[in-house]
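Just below is one structure, and these are the notes that go with it.
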Ligand SMILES: Cc1cc2nc3c(=O)[nH]c(=O)nc-3n(C[C@H](O)[C@H](O)[C@H](O)COP(=O)(O)O)c2cc1C
């Protein structure tokens, strides 16, 4: 099966997206390494300036400055291969500025979830960068397509579907995740493809679909392609790489953890999140609240005076390797992460998923 995918003149050697991971888990190093192997490397815009000296004094400026630098560095590391994208969360205060800055700094792709990216086309002139929403249901892609077409005469350049096995924030109701009542990924894929059919007829163009959540190896890729996906988005497996931008302690926590250590946590973003049960999680359960120390004004709906815990602080401390205070997001496939490898090794294995179809 041919792995080359061209989306509006932008050629991908292999349709693998490294899923954006905030805070600080996917920055320039990981994104650059994935692009170098022909995929889409994604920098998470969420508080991506946390390593800047003035981050706590002026988080907005530090984030946008760092974002520009990270995109440039990722492009250098990619050796001109693949594409460099950003993952921007709708729920963040800096969403509009981060998207505009990323495109101005040369990002090829903007992928957007954690909320419905209703006004994304407004932020990016057509053709400047590929735009893609992350959805978890057929209903959601219908809503987005209808809205984008009515307001902007635009459609998604591609779509990422995130299923219930994904890491980080999940686009499902908390009780449905906890009670295993979510639609499986490949069923959502079928619904989304059905919805996109009508749009594709109108624009006379195919809209590629990438699936995410629990994709680990070439066998998963093969299954996804057979079910009609055009590509995959992978995140947790990339945490176990040398190039991942998180601290070694983050990587080791995931290497040592098993699925029994994974829990669903309520996030101040207003969505459930999947994470490892660490001391911060335990403290939160005992105390009910961990009062924020700083505020980087990250989430639109957050009230620091009342919030249960500061999601930015918890994620930054995880990226730094602070086992005591950090919140360590993960996908459900954690049992398979047992050693640190290179991005090249992961990509070589995933690429085999396309080879399988060659003799069919
Ligand atoms: C540590 C971590 C952080 C994540 N952060 C984000 C994020 O900032 N924005 C987002 O849209 N998705 C985020 N995700 C979701 C991933 O981009 C991806 O879609 C999902 O985890 C795929 O499932 P997998 O981890 O099983 O491969 C995160 C996932 C992880 C594991």
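The values are calculated or read from the model by the stated rules, or taken from the named source; none is laboratory data. Remember, it's a predicted structure, so these values are computed and weren't measured experimentally. Quick reminder, even Gly has a Cβ in these numbers, built from the backbone with ideal geometry, and neighbours come from all protein chains shown.
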Tally time: how many residues in the range 137-166 are farther than 20 Å from residue 269 by Cα and in a loop (DSSP other than H, G, I, E, B)? 6
Kindly indicate whether any position in the range 133-147 is touching a residue at least 60 places away in the same chain (Cβ under 8 Å) and crowded, with 21+ Cβ neighbours inside 10 Å. yes
Which numbered condition residue 13 fails, given (1) within 20 Å of residue 350 (Cβ to Cβ); (2) under 19 Å from the mean Cα position of the chain (by Cα): (2)
Any pair with Cβ under 6 angstrom, 6 or more apart, that starts in the range 91-117 at a residue that is over 18 Å from residue 156 (Cα atoms) and ends at one that is outside any helix (DSSP H, G or I) and away from the ligand (no atom under 16 Å from the Cβ): 93/297
Within the range 283-330, residues free of Cβ contacts under 8 Å to residues at least 40 places away in the same chain, away from the ligand (no atom under 16 Å from the Cβ) and either in the same structural domain as residue 64 (by TED's automatic domain parsing) or part of a loop (DSSP other than H, G, I, E, B) (or both) come out as 288, 289, 290, 291, 292, 293, 295, 303, 304, 305, 306, 307
Restricting the search to the range 320-332, which residues are in contact with a helix residue (DSSP H, G or I) (Cβ under 6 Å, 6 or more places away or on another chain) and crowded, with 22+ Cβ neighbours inside 10 Å? 326, 327, 328, 330, 331
Can you say whether residue 164 is closer than 28 Å to residue 96 by Cβ, within 16 Å of the ligand (Cβ to nearest atom) and crowded, with 17+ Cβ neighbours inside 10 Å, as far as the supplied structure shows? no
